[in-house]
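The values are calculated or read from the model by the stated rules, or taken from the named source; none is laboratory data. Because the structure is predicted, anything quoted here is derived from the model rather than measured. Glycine gets a Cβ as well: all are built from the backbone with ideal geometry, and neighbour counts include every protein chain shown.
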Amino acid sequence: MHYRSTPAQLVNTPLNWNNRFHQLGAGFYTPLMPQPVPSPYWVAHSQPAAQLLGLNDDWVKSNALLQAFSGNQILAGCQPLASVYSGHQFGQWAGQLGDGRALLLGEANGLEVQLKGSGLTPYSRMGDGRAVLRSSIREFLCSEAMQALGIPTTRALCVTGSDLPVRRETMETAAVVTRVAPSFIRFGHFEHFAARGQTDALRTLADYVIERYYPACLHTEAPGGNAYAALLQQVVERTALMLAHWQAVGFCHGVMNTDNMNILGLTLDYGPFALMDAFNPGHICNHTDHAGRYAFDAQPDIAHWNLYALAQALLPLVESQELALQALDTFKPLFAKHYHRLMCAKLGLREDSSADAGTLIEDLLVLLAHDRVDYPIFWRRLSHARMQSHYEPVRDLFIDRLAWDAWLLRYQELIALYQQGPEADLMLKTNPKYVLRNYLCEEAIEAARHKDFSAVQRLLQVVTHPFDEQPQAQAMAGFPPEWASRIEISCSS
Ligand code: AMP
Ligand code: MG
């Protein structure tokens with residue numbers, strides 16, 4: 001056994017802990033201490049995330065917190081634990097997984113705080129319990145960038161690093177990400193107890209989630225009046241909204257296994273993700289996903305599939321296949337509704353611009369895909385073009401300019417027909433200028449490998465103000481360099 005259950009050193013904490021997940025009891029987790037790392041250092045921190053926890057402005061100057069967020073010391077009041085879950089990976093039942101390298105420290109200010117990369121746990125299987133600097137910076141930046149884009153996500157408070165060597169395809173170094181979310185409970189937590197026939201534990205977990213996060217389910221007027229069916233319905237709704245955001249912004253998750261699906265519909269577990277450069281609906285961002293199961297345009301269907309797995313797990317509580325199916329059947333229309341709304345906003349069209357907007361969106365995506373147009377730049381240029389009624393810079397993005405001209409005519413007709421109001425002005429607040437492109441991550445990571453962490457912090461600043469003009473960062477709003485298309489992101493992290 002390589003893991004510890006007694007704390008190293010207790011540090012007084014500016015946080016007040018209240019560990020409700022811990023109170024669920026023994027079957028849900030293993031109480032566990034993090035494994036220390038040698039000589040940790042700060043890599044990055046998010047002040048907005050710190051504010052959520054109520055940390056004061058000086059928190060990053062605290063050596064005690066550096067040690068605590070590296071897993072070397074324990075904040076007084078925490079009850080660290082590794083939770084157990086199971087799940088479907090790449091469409092196959094994978095059996096027991098669990099927090100193999102994450103520890104839930106506890107709950108502060110109503111938010112769960114988790115260390116990722118803090119050492120071995122009973123659920124580490126073949127892994128080393130560690131996370132590398134590269135993937136930790138990626139997760140940190142994208143969590144905060146997605147939040148700034150208005151996309152439901154878990155948050156990231158900080159990354160700390162250590163020179164501890166970690167073997168992946170090559171030798172790298174260790175890092176720990178401190179993540180923050182109302183809950184890190186996954187579909188896989190439910191699947192775990194359902195697969196084992198532990199209906200009492202399943203009910204305990206579902207009751208906990210309902211009481212804390214979906215209390216309206218207790219007073220459900222829903223068909224059948226079953227709180228667990230209402231819970232499923234709520235998760236379907238949140239997941240549909242999250243997927244609509246992903247598809248609208250061009251986010252590819254890369255590993256949509258059921259153990260990476262959050263019960264609150266938050267984007268969770270940033271691995272080989274990509275915010276697309278050139279628009280390619282079949283884009284596969286995970287280098288190891290040879291079959292393209294998690295390709296960009298497959299994501300909504302995969303989410304639906306994952307919801308089936310959740311429904312299956314909840315069935316002993318829902319007790320009616322019909323009720324479960326009713327909830328599942330709402331996914332597609334809910335997704336379509338949200339997606340339509342978000343795409344209309346990107347186009348600066350009123351949501352009720354009739355079915356014409358729907359075909360206009362579909363046809364636009366065909367054009368963008370055909371000419372592999374840069375997705376963020378297209379939308380940003382369209383936003384400016386619309387304000388100035390000057391579409392030449394957008395036209396320049398296309399190879400098939402006649403097709404673009406024909407599309408533009410229809411777009412302008414629709415604008416005229418519906419007498420658009422403030423929507424056009426909102427386009428610059430809807431279509432980001434700065435997105436976390438993979439190549440920007442790579443550059444910041446390269447600097448961080450040489451112990452220059454300023455690039456990470458700078459990039460954080462830029463991508464967390466995605467709609468603002470930031471003249472000093474103009475270069476980050478341009479086309480990606482040619483080498484960007486050759487970046488390969490594997491699952492290894
Ligand atoms: P992921 O594909 O990152 O979502 O991980 C799937 C499962 O493998 C989860 O149970 C993780 O905790 C576990 N895991 C991933 N990487 C490691 C690692 N380096 N050490 C231990 N467990 C890991
Ligand atoms: Mg995971």
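Can you name the condition, by its number, that P300 falls short on among (1) at pLDDT 95 or above; (2) within 16 Å of ligand 1 (Cβ to nearest atom)?
Exception for P300: condition (2).
I'm checking my understanding of the structure. Among residues of segment 97-110 that are away from ligand 2 (no atom under 15 Å from the Cβ) and more than 22 Å from N72 (Cβ to Cβ), which one is surrounded by the fewest Cβ atoms within 10 Å (Cβ to Cβ)?
Within segment 97-110, the first condition is being away from ligand 2 (no atom under 15 Å from the Cβ), and the residues that meet it are 105-110.
Pick out the ones that are also more than 22 Å from N72 (Cβ to Cβ) and you get 109-110.
On the way: N109: 15, G110: 12.
Checked segment 97-110; the qualifying residue surrounded by the fewest Cβ atoms within 10 Å (Cβ to Cβ) is G110.
Would you pick out the residues in segment 105-139 that are within 30 Å of A345 (Cβ to Cβ) and within 15 Å of ligand 1 (Cβ to nearest atom)? Break it down stepwise before answering.
From segment 105-139, those within 30 Å of A345 (Cβ to Cβ) are 111, 138-139; that's our starting set.
If the condition is that a residue be within 30 Å of A345 (Cβ to Cβ) and within 15 Å of ligand 1 (Cβ to nearest atom), then R138, E139 are the ones that fit.
Tell me, yes or no, whether segment 172-183 has at least one residue that is among the charged types (D, E, K, R), assigned to a loop (DSSP other than H, G, I, E, B) and either surrounded by fewer than 21 Cβ atoms within 10 Å (Cβ to Cβ) or without any contact (Cβ under 8 Å) to a residue 40 or more places away in the chain (or both).
The answer is no; no qualifying residue exists.
Checking A94 against (1) within 9 Å of ligand 1 (Cβ to nearest atom); (2) under 23 Å from V132 (Cα atoms); (3) surrounded by fewer than 24 Cβ atoms within 10 Å (Cβ to Cβ): exactly one of these is not met. Which one?
Result: A94 passes all but (2).
Would you mind listing the helices (runs of 4 or more DSSP H) fully within segment 378-493 where at least 3 residues are of a type outside the set (D, E) and farther than 30 Å from T173 by Cα?
Values: elements: 392-395, 401-418, 423-430, 438-449, 454-463.
Here the list reads 392-395, 401-418, 423-430.
Looking at Y270, Y214, can you tell me which residue is crowded, with 20+ Cβ neighbours inside 10 Å, among the aromatic types (F, W, Y), within 16 Å of ligand 2 (Cβ to nearest atom) and under 19 Å from P152 (Cβ atoms)?
Numbers: Y214 fails: within 16 Å of ligand 2 (Cβ to nearest atom).
Just one listed residue meets the conditions, Y270.
With the checklist (1) within 13 Å of ligand 1 (Cβ to nearest atom); (2) touching a Leu at 6+ places or on another chain (Cβ under 7 Å); (3) among the charged types (D, E, K, R) in hand, flag the one item R101 doesn't pass.
Only one criterion in (1) within 13 Å of ligand 1 (Cβ to nearest atom); (2) touching a Leu at 6+ places or on another chain (Cβ under 7 Å); (3) among the charged types (D, E, K, R) is unmet by R101, namely (2).
Residues are listed down the side, and each one gets a yes or a no for (1) out of contact with any Gly (no Cβ under 8 Å at 6 or more places or on another chain); (2) in a loop (DSSP other than H, G, I, E, B):
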position	(1), (2)
A216	yes, no
M242	no, no
N280	yes, yes
C285	no, yes
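Could you please find all residues in segment 254-273 being within 15 Å of ligand 1 (Cβ to nearest atom), in a loop (DSSP other than H, G, I, E, B) and within 14 Å of F187 (Cβ to Cβ)?
Once the filter is applied, which keeps residues that are within 15 Å of ligand 1 (Cβ to nearest atom), in a loop (DSSP other than H, G, I, E, B) and within 14 Å of F187 (Cβ to Cβ), segment 254-273 yields V255, M256, N257, M261, L266, L268, D269.
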